[in-house]
Amino acid sequence: MSWRTRSGRLVPLVGQWSAGGLAAVRVEIVARLDTIGRAVEVDLGEGAVLSGIAVDLDAAGRLVVEEKTGARHAVAAGDVRHLRATR
């Protein structure tokens, strides 16, 4: 997909975001994110790593990762790596 096509798809979202903040576009952004529903590892720095399934964006725009234990963590910053699916 070309840059022009991508930017054309983003323009309406940017306008909605400007008018209503993240709440106005959050559902549509979550629907478009390839990361949601995938197994991830998040390098949080200083050796801390969070592993789980990316399940959502919270109201502040942070990625929500659910661990195997069911605990959910909102991540504001970190390096996210998609993991290969296991069978």
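Here, each number is a calculation from the coordinates, and none is a lab measurement. Because the structure is a prediction, the values reported are computed rather than measured. Virtual Cβ from ideal backbone geometry, glycine too; neighbours counted across all protein chains shown.
Observations
- Between the beta carbons of residue 80 and residue 28, assuming R0 = 30 Å, the FRET efficiency works out to 0.90 to the nearest 0.05.
- Among 71, 42, 83 the positive-end extreme of the charge dipole of the range 35-87 (Cβ point charges): 83
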